[in-house]
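*Asks:* First the structure, then my questions, so here it is.
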Amino acid sequence: MKSAVIVFPGSNCDRDMQVALREVAGKEPHMVWHGDSQMPEVDVIAIPGGFSYGDYLRCGAMAANSPIMREVVAKANQGTAVLGVCNGFQVLTECGLLPGALMRNASLKFVCREVNLTVEDNTTAFTFNYSKNKPIRVSVAHGDGNFFAEQATLEKIEGEGQVAFRYCNAQGELVDTANPNGSMNAIAGIFNEKRNVLGMMPHPERHADPATGGNDGRLLFESLMGALS
Amino acid sequence: MTNYHEDTTAEIVKEHGLSDDEYKLAIEILGRAPNLLELGIFSVMWSEHCSYKSSKKWLKTLPTEGPQVIQGPGENAGVVDIGDGDAVIFKIESHNHPSFIEPYQGAATGVGGILRDVFTMGARPIANLNALRFGALDHAKTRHLLSGVVAGIGGYGNCVGVPTVGGETNFDPAYNGNILVNAMNVGVAKTDKIFYSAAGGIGNPVVYVGSKTGRDGIHGATMASAEFDDESEAKRPTVQVGDPFTEKLLIEACLELMSGDSIVAIQDMGAAGLTSSSFEMASKGGTGVELDLSTVPCRETGMTPYEMMLSESQERMLIVLKPGREADAQKIFEKWELDFAVVGTITDTGRMVLKFEGETVGDLPIDPLALASPEYDRPWVEVPMPAFVELNVPSSVKALDALKTMIGSPDLASRRWIWEQYDSSVMADTLQKSGGDAAVVRVHGTQKALAMTTDCTPRYCYAHPETGGAQAVAESYRNLVASGAKPLAATNNLNFGNPEKPEIMGQIVGCVKGIAEACEKLDMPIVSGNVSLYNETDGKAILPTPVIGGVGLMQDSSVMTKIAFDKEDLDLIVLGSSNGHLQQSIFAKQILGSQEGQPPAVDLDKEELTGRVVLSLIENEMVVACHDISDGGLVVAVTEMAMANGIGAELNIDESDFGLLFGEDQARYILATEDSDSILLAAENAEIDALVIGKTKGNALTLASGASISLSELSAAHETWMPGYMEAPVSREA
């Protein structure tokens, strides 16, 4: 599996993503600078967490208009797998590859904690190593992860089965106390219609090593490895 | 006799905070009266904040050396060898005064400043910690200050992408008018790639990089060196504004430049900005420096040389380059979209010459000003050991009710509301975060890990400064040991009131003495630090608060211990002597309403020995879980271990043995183990007291009498206090 990690000047999870991809794929990912307009030939493009251009305006809004994102959009439309985590998810909604938007957390505070997620669809390249009835445990760390979509869009996302993950408790139940940011329908991650683009607020790359929080995130990269190699 | 330059007056000199004697000394050094620009430079260089004039005499008594120390105090941060060509670089620094005036920006720029101190030396920052003190719970500003400080620390650290992994927070009315915000940063570098601040190479270019200079923060260092009064709010414009995105760019750009060999010296522009950075670099290098202020990148038009030299705009660095490397360096800073300007040259004159629009606007000798800054031997009175107080526990007090009250009290309740606002897992090397003894972060790409902690018990320091100072170091030592790390070294942040008062000076002298003795005995040299004095409002001083930031090393992070019980039927053993010391304890404060008497004695020989034995038991994998015993005593420590994983304990302790349950005797650890025979034997061989207190069991805490309280009830009390306090509706009462 050949991979690329997009590096914006304010990305701060780029190294974590690089390590997770390297460990799973056994190959060094291409680190692609935001100012570049050429994308190497790869099987998966990852947009990591961070604060792309400072995000003093709407998170990800400036990054969505960077030269490299035009390339990412073109590749996604040709079917290349694209994974956006945290700020990467925000960028994907801003550039139109994914529907909806990520608003300020309902608490108005940054939140960093481990959460449980239901896996809503385990037939995609990103998720086929997961089980549908076993919640996974990963971390969130964001100030703007409150997923919002207007009613018609939300109905379409749900109707087409585009929800990838929802916040749940340890038993897999969708309860309000398990939702860290007020997201509609407890949505933690969504696919595009073709299932080759995934955006998610939680950080699988921080859970790709048992010493730092378990292997539940690693399974996502292993799914990709199995599907794309 | 005193005379004035044409653009100054006696009034202006006074506003700059110089005493009559200091002003006379300035004239003597210059051989004439300083102009306004020069007066400003004298003022900041000789401020308490930059010169340590009241504390210098005592700071010299701290142990700062050891085979592990590569660089002690005097540089931007301390550097300690961790083997394999790696070094840990760390420091703690206060941002107390600005945080009281504008909590978000004050705290945020505190984090920014300490990050720069660490990466200036060539380290990639890997962890942030903090030590916070706020006023009374019912004080009108406490919630506003706490929420602003926490948001500011998070806002800066989260954006820069350095995990905030630990800290401590206390409340006391003594901090009503002077909160404490101490920020610590820890970074890792290669021992052959450490950068220092001493300028060198006559004719070498002096380069300015980072953000533009604005009018913010002018006289910040002077503000930090005065008491507060009702007018302090008017000082808001002197608080700087932080830009963590630019800091992130500056880290990456500097580390990229440092990967080559273009740099002679580098220094961040912290307190007193361009003045102190250029002065310190030239002073340490024994050189002169000439700056052309017309070339300084400015945010606003019409800025005067005075404003440029005294601005404390954030995210700026000064670099001395090797000759001819300007273009290479410029390319790196342009890639990261940062300002880059050659603003001067290194000279052999021993003077700082400032030019602006072709004219010389300031000319000062460097050494007399930087090195011969005043040093005071301020009068002090020793704080005596308070009289012993016999504490009687009324028969109405029930141990488990008291435990629930204490664990849910502002002193001991969970700080989750705070630390969940900090990104603690970015960089994916955090092995242990807030909630345990020490935070533990892996050295990237290795099996090694660093443990780190911030500690101080101000009520002990107030009762008896020398004991309190030693206890802060001892607790730091224990926290590192309990996580499985060998304590390496420490940084300190000495927060006190007005040193011109003999009783405050006595607190400083006592605490420093205790710290020095403990650091010596426990082999934790002080490698960096910061002093914050004048923490007084309307004549009321804070509690003496000498915060210790300890760092320890684990060669193999797989030996790391946590506090959580991870199964039932583990034996629980207390190592160390329990003498039932209740004076100055949380039990005495919360349950008996007493804040009198003596703090627990600190026996440094016992601390060292017990720590050494515990560490070897951990390294030999005989310990399943470990926790040091501190605030709240033994049963609070057991409760924290039980709540961490929802597994309870049955203790063979009598319900009325309040001294054993809640005493705060030092040099003690609780070990959970499957191998109690080996532990008891090791304790016997080392002549350390060991007490088997029970077993892990069930989901409640049970005492010898059968009295029991469920962990869910204890956890509820522990977790609900802070969110309840912070999120209660605003009261409209006066």
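The values are calculated or read from the model by the stated rules, or taken from the named source; none is laboratory data. Here the structure is a predicted model, which means the values were calculated and not measured. We place every Cβ from the backbone using ideal geometry, glycine too, and count neighbours over all the protein chains shown. Just so you know, the surface numbers come from the protein's heavy atoms only, side chains and all, with ligands and any DNA or RNA stripped out. Shrake-Rupley method; radii C 1.70, N 1.55, O 1.52, S 1.80 Å.
*Asks:* Looking at the range B:135-142, is at least one residue open to solvent by less than 10 Å² (accessible area, probe 1.4 Å) and among the charged types (D, E, K, R)?
*Replies:* So the first thing to find is which residues in the range B:135-142 are open to solvent by less than 10 Å² (accessible area, probe 1.4 Å), and the list is B:135, B:142.
So of that shortlist, the ones also among the charged types (D, E, K, R) come out as none.
Looking for residues that are open to solvent by less than 10 Å² (accessible area, probe 1.4 Å) and among the charged types (D, E, K, R), one finds none in the range B:135-142, hence no.
*Asks:* Testing B:LEU115 on (1) surrounded by fewer than 24 Cβ atoms within 10 Å (Cβ to Cβ); (2) within 14 Å of chain A (Cβ to nearest Cβ), one condition comes back false. Which one is that?
*Replies:* Unmet for B:LEU115, out of (1) surrounded by fewer than 24 Cβ atoms within 10 Å (Cβ to Cβ); (2) within 14 Å of chain A (Cβ to nearest Cβ): (1).
*Asks:* Further question: Answer yes or no: is there a residue in the range B:132-147 that is touching a residue at least 12 places away in the same chain (Cβ under 8 Å), charged (D, E, K, R) and either on the phi > 0 side of the Ramachandran plot or within 14 Å of chain A (Cβ to nearest Cβ) (or both).
*Replies:* Yes - at least one qualifying residue is present in the range B:132-147.
Conditions tested, residue by residue: (1) modelled with pLDDT of 90 or more; (2) more than 21 Å from B:GLY113 (Cβ to Cβ); (3) of a type in the set (Asp, Glu).
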site: B:GLU233; (1), (2), (3): no, yes, yes
site: B:THR238; (1), (2), (3): no, no, no
site: B:LYS248; (1), (2), (3): yes, no, no
site: B:GLY286; (1), (2), (3): yes, yes, no
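*Asks:* Counting only residues that are buried (at least 20 other Cβ atoms within 10 Å of the Cβ), outside any loop (DSSP other than H, G, I, E, B) and of a type outside the set (A, V, I, L, M), how many does the range B:312-339 have?
*Replies:* Final tally of qualifying residues: 2.
*Asks:* Starting from the range B:321-346, keep only residues that are more than 14 Å from every other protein chain (Cβ to nearest Cβ) and more than 14 Å from B:ALA265 (Cα to Cα), then list their pairs with residues that are open to solvent by 60 Å² or more (accessible area, probe 1.4 Å) and assigned to a loop (DSSP other than H, G, I, E, B) whose Cβ atoms are within a distance under 6 Å, requiring at least 6 positions of separation or different chains.
*Replies:* B:ASP339/B:LYS212
*Asks:* Six or more apart or on different chains, Cβ atoms under 7 Å: show the pairs whose first residue is in the range A:20-33 and more than 14 Å from chain B (Cβ to nearest Cβ) and whose second is aliphatic (A, V, I, L, M) and part of a helix (DSSP H, G or I).
*Replies:* Filtered contacts from the range A:20-33: A:ALA25/A:MET225; A:PRO29/A:LEU21; A:VAL32/A:ILE68.
*Asks:* Shifting gears a bit: Do we have any residue at all in the range A:159-168 that's surrounded by fewer than 24 Cβ atoms within 10 Å (Cβ to Cβ), assigned to a helix (DSSP H, G or I), within 14 Å of chain B (Cβ to nearest Cβ) and not hydrophobic (A, V, I, L, M, F, W, C)?
*Replies:* no
*Asks:* Please go through the range B:447-486 and give me each residue that is of a type in the set (Asp, Glu), open to solvent by 10 Å² or more (accessible area, probe 1.4 Å) and more than 16 Å from B:LEU615 (Cα to Cα), ordered by number.
*Replies:* Here is the first cut: in the range B:447-486, the residues of a type in the set (Asp, Glu) are B:455, B:466, B:475.
Subsequent filtering for residues that are open to solvent by 10 Å² or more (accessible area, probe 1.4 Å) retains B:466, B:475.
The answer is B:GLU466, and nothing else.
*Asks:* Considering each of B:GLU503, B:GLU517 in turn, give the residue that is acidic (Asp, Glu), in contact with a helix residue (DSSP H, G or I) (Cβ under 8 Å, 6 or more places away or on another chain) and open to solvent by 20 Å² or more (accessible area, probe 1.4 Å).
*Replies:* On the way: B:GLU503 fails: in contact with a helix residue (DSSP H, G or I) (Cβ under 8 Å, 6 or more places away or on another chain).
Exactly one residue qualifies, and that residue is B:GLU517.
*Asks:* Considering B:LEU609, B:LEU617, B:LEU582, B:LEU553, which residue is open to solvent by 10 Å² or more (accessible area, probe 1.4 Å), in a helix (DSSP H, G or I) and either more than 14 Å from chain A (Cβ to nearest Cβ) or touching a His at 6+ places or on another chain (Cβ under 7 Å) (or both)? Full working, then the answer.
*Replies:* On the way: B:LEU617 fails: open to solvent by 10 Å² or more (accessible area, probe 1.4 Å); B:LEU582 fails: in a helix (DSSP H, G or I); B:LEU553 fails: in a helix (DSSP H, G or I).
Sole residue among the options that is open to solvent by 10 Å² or more (accessible area, probe 1.4 Å), in a helix (DSSP H, G or I) and either more than 14 Å from chain A (Cβ to nearest Cβ) or touching a His at 6+ places or on another chain (Cβ under 7 Å) (or both): B:LEU609.
*Asks:* Working carefully through the options B:VAL381, B:VAL426, find the one that is farther than 21 Å from B:ASP631 by Cα, within 14 Å of chain A (Cβ to nearest Cβ) and among the hydrophobic types (A, V, I, L, M, F, W, C). Steps first, answer last, please.
*Replies:* On the way: B:VAL381 fails: within 14 Å of chain A (Cβ to nearest Cβ).
Testing whether each residue is farther than 21 Å from B:ASP631 by Cα, within 14 Å of chain A (Cβ to nearest Cβ) and among the hydrophobic types (A, V, I, L, M, F, W, C) leaves just B:VAL426.
Results for (1) of a type in the set (Gly, Ala, Ser); (2) touching a strand residue (DSSP E or B) at 6+ places or on another chain (Cβ under 9 Å), shown as yes or no for each residue.
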{"residue": "B:LYS448", "(1), (2)": "no, yes"}
{"residue": "B:THR467", "(1), (2)": "no, no"}
{"residue": "B:ALA472", "(1), (2)": "yes, yes"}
{"residue": "B:ARG478", "(1), (2)": "no, yes"}
{"residue": "B:ALA485", "(1), (2)": "yes, yes"}
{"residue": "B:THR491", "(1), (2)": "no, yes"}
{"residue": "B:CYS511", "(1), (2)": "no, yes"}
{"residue": "B:ASP523", "(1), (2)": "no, yes"}
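*Asks:* Let me ask something else. Out of all the residues in the range A:34-48, which are in contact with a Lys or Arg (Cβ under 9 Å, 6 or more places away or on another chain), open to solvent by less than 20 Å² (accessible area, probe 1.4 Å) and either over 19 Å from A:ASN196 (Cβ atoms) or within 14 Å of chain B (Cβ to nearest Cβ) (or both)?
*Replies:* Result: A:PRO48, single match.
Rundown of residues vs (1) among the aliphatic types (A, V, I, L, M); (2) closer than 22 Å to A:LEU174 by Cα, yes/no style:
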position: A:ALA63; (1), (2): yes, no
position: A:ALA101; (1), (2): yes, yes
position: A:SER107; (1), (2): no, yes
position: A:LYS132; (1), (2): no, yes
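*Asks:* If you go through the range A:83-95 one residue at a time, do you hit one that is under 18 Å from B:LYS335 (Cβ atoms), of a type in the set (A, V, I, L, M) and open to solvent by less than 20 Å² (accessible area, probe 1.4 Å)? Break it down stepwise before answering.
*Replies:* Pass one, the range A:83-95, residues under 18 Å from B:LYS335 (Cβ atoms): none.
Looking for residues that are under 18 Å from B:LYS335 (Cβ atoms), of a type in the set (A, V, I, L, M) and open to solvent by less than 20 Å² (accessible area, probe 1.4 Å), one finds none in the range A:83-95, hence no.
*Asks:* Taking the residues in the range A:169-207 that are more than 14 Å from chain B (Cβ to nearest Cβ) and among the acidic types (Asp, Glu) as candidates, determine which candidate is nearest to A:VAL73 (Cα to Cα).
*Replies:* A:GLU193
*Asks:* Then there is this: From the list A:LEU98, A:LEU102, which one is part of a loop (DSSP other than H, G, I, E, B), modelled with pLDDT of 95 or more and more than 14 Å from chain B (Cβ to nearest Cβ)? Steps first, answer last, please.
*Replies:* Values: A:LEU102 fails: part of a loop (DSSP other than H, G, I, E, B).
Just a single option satisfies the conditions, and that option is A:LEU98.
*Asks:* Please determine, by comparing only the residues of the range B:376-416 that are surrounded by 14 or more Cβ atoms within 10 Å (Cβ to Cβ) and under 30 Å from B:GLY31 (Cα atoms), which one is modelled with the lowest pLDDT.
*Replies:* For the range B:376-416, the residue satisfying everything is B:TYR376.
*Asks:* Out of B:ALA123, B:ALA108, B:ALA127, which single residue is open to solvent by less than 10 Å² (accessible area, probe 1.4 Å) and more than 14 Å from chain A (Cβ to nearest Cβ)? So that I can check it myself, show each step before the final result.
*Replies:* Numbers: B:ALA108 fails: more than 14 Å from chain A (Cβ to nearest Cβ); B:ALA127 fails: more than 14 Å from chain A (Cβ to nearest Cβ).
Only one candidate passes the filter, namely B:ALA123.
*Asks:* I've got another one for you. What single numbered condition from (1) farther than 25 Å from B:TYR208 by Cβ; (2) within 14 Å of another protein chain (Cβ to nearest Cβ); (3) surrounded by fewer than 20 Cβ atoms within 10 Å (Cβ to Cβ) fails to hold for B:TRP419?
*Replies:* Checking B:TRP419 against (1) farther than 25 Å from B:TYR208 by Cβ; (2) within 14 Å of another protein chain (Cβ to nearest Cβ); (3) surrounded by fewer than 20 Cβ atoms within 10 Å (Cβ to Cβ), the one that fails is (3).
*Asks:* Which of the residues belonging to the range B:674-715 are under 16 Å from B:LEU572 (Cα atoms), assigned to a helix (DSSP H, G or I) and not small (Gly, Ala, Ser)?
*Replies:* Once the filter is applied, which keeps residues that are under 16 Å from B:LEU572 (Cα atoms), assigned to a helix (DSSP H, G or I) and not small (Gly, Ala, Ser), the range B:674-715 yields B:ASP677, B:ILE679, B:LEU680, B:LEU681.
*Asks:* Can you name every residue in the range B:156-185 that is over 26 Å from B:LEU412 (Cβ atoms) and either away from chain A (no Cβ under 14 Å) or among the basic types (Lys, Arg) (or both)?
*Replies:* Our first condition is that a residue be over 26 Å from B:LEU412 (Cβ atoms); within the range B:156-185, this holds for B:156, B:158-162, B:185.
Listed by number, the list holds a single entry, B:ASN185.
*Asks:* Pairs please, first residue from the range B:693-706 and farther than 16 Å from B:LEU634 by Cα and at pLDDT 95 or above, second anywhere and part of a loop (DSSP other than H, G, I, E, B) and hydroxyl-bearing (Ser, Thr, Tyr), Cβ atoms under 9 Å, 6+ apart in sequence or on different chains.
*Replies:* These pairs meet every condition: B:SER705/B:SER656.
*Asks:* Looking at (1) assigned to a loop (DSSP other than H, G, I, E, B); (2) surrounded by fewer than 19 Cβ atoms within 10 Å (Cβ to Cβ); (3) touching a helix residue (DSSP H, G or I) at 6+ places or on another chain (Cβ under 7 Å); (4) within 14 Å of another protein chain (Cβ to nearest Cβ), which is the one condition that is false for A:TYR56?
*Replies:* (3)
*Asks:* Kindly indicate which of A:PHE51, A:PHE8 is in contact with a Gly (Cβ under 9 Å, 6 or more places away or on another chain), within 14 Å of another protein chain (Cβ to nearest Cβ) and open to solvent by less than 10 Å² (accessible area, probe 1.4 Å).
*Replies:* Numbers: A:PHE51 fails: open to solvent by less than 10 Å² (accessible area, probe 1.4 Å).
Going through A:PHE51, A:PHE8 in turn, the sole match is A:PHE8.
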